[in-house]
Amino acid sequence: MGKPEGLILDKKKFLQMAVESLLNQIDAATLHTIVATGRDEFVRHARTNWVGHGFTTADYRRAFQGLKRRADEVPVAGVQAHAG
């Protein structure tokens, strides 16, 4: 029996898709809250919720970096930058 069509065998790609899926499920304010809470808390939470995929602590840290990069690109609605 062959591989099912659409099966993702590359863990890096699968992690990227997991991050993209999370980003599609949350709003900017939630994203900024996750990033503000910090990497260690994200990793702790991810370990209990992103299970069964073979992700390691290093993978969760990479996922957090992806979230952080996205948060840097997306302003929080209703929050204005203050000059000086």
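Structural remarks
- Extension gain from Thr57 to Arg39, taking 0.36 nm per residue of separation minus the Cα-Cα distance: 5.4 nm
- Computed E for Gln16/Arg47 - FRET, C-beta separation, R0 22 angstrom, nearest 0.05: 0.75
- Counting Cα-Cα pairs of region 11-73 in 5 Å increments starting at 0 gives whole-percent bin shares of 4, 18, 34, 28, 13, 3, 0.
Values quoted throughout were computed directly from the atomic coordinates according to the rules given, and no laboratory measurement underlies them. These numbers come from a predicted model, not from an experiment. Note: ideal-geometry Cβ built from the backbone for every residue, glycine included; neighbour counts use all protein chains shown.
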